[in-house]
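**Student:** The following block contains the structure, expressed as structure tokens.
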Amino acid sequence: MHRRFSVFAAAACLAAIAVSSATLADTSPEDAKDYRQAVMSSLGGHVSAISLHVRGRVEDEEALRNHAEALALTAAGIDKVFPEGSNVGDSEALPAVWDEPEAFAEAAARAKEATASFAEAARAGDADALRSAFRDVGASCRGCHDRFRQKRAR
């Protein structure tokens, strides 16, 4: 049952990314921004849940694999949720996202690679590889956030 759900969830994520990539061009700037924020919140939620697994506070290998797959699938479309003109309203995205497209594309590629490697480590079940891959995910997130996101007030 859980395996079937995992396959369905992965297929749904891929379909959503494919549809969103094709339709964001016709989306209002405000809706594109709202969508981007929802996607980024989703990524953050998976990272938070994974962190609990990696730190040994939650033990459910199947759930960890599901979060890892969802994280990788969602991150695979990260560069698509920043369409030109969507830096409107209350947004943490810095103009550098659009002013430095090559640098942003490189940061997005690092996130895609890190999350895909993490999902692979989660499937393999090697705890050391998992921790190392999760550190790489964190570094890719920080690398993008440090350069392309406004600093949050603490």
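Bear in mind these aren't lab numbers, they're just calculated from the coordinates by the rules spelled out. A quick note: this is a predicted structure, and the numbers were derived from the prediction, not measured. Cβ placement follows ideal geometry from the backbone for every residue including glycine, while neighbour counts extend to all protein chains displayed.
**Student:** Out of all the residues in segment 77-88, is one or more among the β-branched types (Val, Ile, Thr), closer than 21 Å to ASP34 by Cα, surrounded by fewer than 17 Cβ atoms within 10 Å (Cβ to Cβ) and over 11 Å from the mean Cα position of the chain (by Cα)?
**Tutor:** The answer is yes; a qualifying residue exists.
**Student:** Go over the candidates ALA133, ALA111, ALA129 one by one and state the one that is closer than 30 Å to GLU62 by Cα and in contact with a Leu (Cβ under 9 Å, 6 or more places away or on another chain).
**Tutor:** Every option except ALA111 fails the conditions.
**Student:** Applying the selection to segment 38-76, what residues are in contact with a Ser or Thr (Cβ under 6 Å, 6 or more places away or on another chain), within 22 Å of THR27 (Cα to Cα) and either surrounded by 19 or more Cβ atoms within 10 Å (Cβ to Cβ) or aliphatic (A, V, I, L, M) (or both)?
**Tutor:** LEU43, THR74, ALA75
**Student:** Same structure again: I need a count of the residues in segment 140-154 that are surrounded by 13 or more Cβ atoms within 10 Å (Cβ to Cβ) and either assigned to a helix (DSSP H, G or I) or among the hydrophobic types (A, V, I, L, M, F, W, C) (or both).
**Tutor:** Counting residues in segment 140-154 that are surrounded by 13 or more Cβ atoms within 10 Å (Cβ to Cβ) and either assigned to a helix (DSSP H, G or I) or among the hydrophobic types (A, V, I, L, M, F, W, C) (or both) gives 7.
**Student:** Could you list, in sequence order, all residues of segment 121-137 that are loosely packed, with under 15 Cβ neighbours inside 10 Å and assigned to a helix (DSSP H, G or I)?
**Tutor:** The answer is ARG123, ALA124, ALA127, ASP128, ARG131, SER132, ARG135.
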